[in-house]
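Chemist: Below are the structure tokens for one structure; questions will follow.
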Amino acid sequence: MNIKSLLLGSAAALAAVTGAQAADAIVAAEPEPMEYVRVCDAFGTGYFYIPGTETCLKIGGYVRFDAGYADAYTPNSDGLYTNSRAHISLDTASDTEWGALKTRIVARFDYNPHNSAAGFEENTRTRLIEANITWGGFLVGLADSQYSSFSGYAGDVINDDVISYGPFELNQVTYTFDGGNGFKAVVSLEDDGTNDNDIPGGASDWPDAVAGIKYDSGTFAASLVGGYDESQEEGAIKARISGTFGAFSAFLLGGWNTDGDTTNKYAPGDSVGTSWGDWAVWGGAGYKFTDKVAANVQLSYTDNETFAATGNVQWTPVSGLLIQPEISYTSWDAIDEDQFAGMVRLQRTF
């Protein structure tokens, strides 16, 4: 009896040891640690940290389809046209002891069946719109001219620059002072963009210059900006005021050309190359009927009697989707021509 009990006890002990060894042999390995994407809210909505860094990244853009009849910029134009666009933007930002260090890249890809007539291969046009670095108030690289962007553009319409109010994308070195109380000032040296045959490489002698001041309270804004075109040795000055009063908004923009008989980079004239004359003026208003429906109108006129008018309705049936019909009329007194045009835009922004 004692021998039987001893054998049974030994077998039980052996089974327990074997079971423990088997359990130890199949223990699962610890999972590898994972780094999830973190939201970066220090620089606004849409930023997230690039994994493994302290740099924040924001990806955005839109897809657009335009269909229209005639062209408000071109007299005697007719016929239907379409254009599709993909617009991509990449923004980065990180904190430094000298303030935020940021970069911005914007590229556009347009497909227009009529582009072949303008010399674009396969009816597709690719453009780099922005590529710049900002740090401590400085901006270097490609961006819209401060003459056009600092004080604000014209109205919230597509055909806002039939009478042009200044240049857009160009290389620049800019410093902006922000007083933190609504007051800002800017100085900018901009690539002339004009070749000089007397200089190796065809470069220009000197950059163009822009300076401006602005006050913006959030509901009211006033600004003054001037630009000097060194190649033409002329320039222009613009003043702009705007305000928002509940659902209603309005602006008035006026420009003065230092030589009314010619055009220059900062007084470009109208879409057919006629100068402003001594001055040009733009004005417009908008009204937001509901969260989904708004309307805008813009009128512009020059000393040389070019007149342009545009109106639209903006419908946002769902967040991120815009449907915008727009009609325009232009009259060029200098060439005794006028033009009606209409279009519809569908745009999905993300």
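The values are calculated or read from the model by the stated rules, or taken from the named source; none is laboratory data. Keep in mind that what you see is a predicted model, and the values were worked out from it rather than measured. All Cβ positions, even for glycine, are placed from backbone atoms using ideal geometry, and neighbour counts span all protein chains on display. These area figures cover heavy atoms from the full protein model, side chains too; ligands, DNA and RNA do not enter into them. Shrake-Rupley method; radii C 1.70, N 1.55, O 1.52, S 1.80 Å.
Chemist: Would you check if there is a residue in region 172-185 being in a loop (DSSP other than H, G, I, E, B) and touching a Pro at 6+ places or on another chain (Cβ under 6 Å)?
Modeler: no
Chemist: Can you tell me how many residues in region 28-47 are in contact with a Lys or Arg (Cβ under 9 Å, 6 or more places away or on another chain) and either small (Gly, Ala, Ser) or at pLDDT 95 or above (or both)?
Modeler: Of the residues in that region, 3 qualify.
Chemist: Please enumerate the residues belonging to region 137-168 that are of a type in the set (Asp, Glu) and out of contact with any strand residue (DSSP E or B) (no Cβ under 8 Å at 6 or more places or on another chain).
Modeler: Scanning region 137-168 gives a single hit, ASP161.
Residue-by-condition table, conditions (1) among the hydroxyl-bearing types (Ser, Thr, Tyr); (2) more than 26 Å from the chain's Cα centre (by Cα); (3) surrounded by 15 or more Cβ atoms within 10 Å (Cβ to Cβ):
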| site | (1), (2), (3) |
| --- | --- |
| GLY227 | no, no, yes |
| ALA239 | no, no, yes |
| ASN257 | no, yes, yes |
| THR262 | yes, yes, no |
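Yes/no matrix, rows are residues, columns are (1) of a type outside the set (Lys, Arg); (2) farther than 24 Å from SER275 by Cα; (3) outside any strand (DSSP E or B); (4) in contact with a Pro (Cβ under 9 Å, 6 or more places away or on another chain):
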site: GLY286; (1), (2), (3), (4): yes, yes, no, no
site: ALA309; (1), (2), (3), (4): yes, no, no, no
site: PRO317; (1), (2), (3), (4): yes, yes, yes, no
site: LEU322; (1), (2), (3), (4): yes, yes, no, no
site: SER331; (1), (2), (3), (4): yes, no, no, no
site: ALA334; (1), (2), (3), (4): yes, no, yes, no
site: PHE340; (1), (2), (3), (4): yes, no, no, no
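Chemist: Tally time: how many residues in region 265-305 are more than 14 Å from ASP160 (Cβ to Cβ) and surrounded by 22 or more Cβ atoms within 10 Å (Cβ to Cβ)?
Modeler: Matching residues across region 265-305 total 6.
Chemist: Ok, one more. If you check ALA250 against the conditions, is it assigned to a strand (DSSP E or B) and either in contact with a helix residue (DSSP H, G or I) (Cβ under 9 Å, 6 or more places away or on another chain) or acidic (Asp, Glu) (or both)?
Modeler: For ALA250, the condition - assigned to a strand (DSSP E or B) and either in contact with a helix residue (DSSP H, G or I) (Cβ under 9 Å, 6 or more places away or on another chain) or acidic (Asp, Glu) (or both) - is not met.
Chemist: Would you please name the residue that is farthest from the chain's Cα centre (by Cα), looking only at residues in region 306-338 that are open to solvent by less than 20 Å² (accessible area, probe 1.4 Å) and polar (S, T, N, Q)?
Modeler: Once the filter is applied, the top-ranked residue is THR306.
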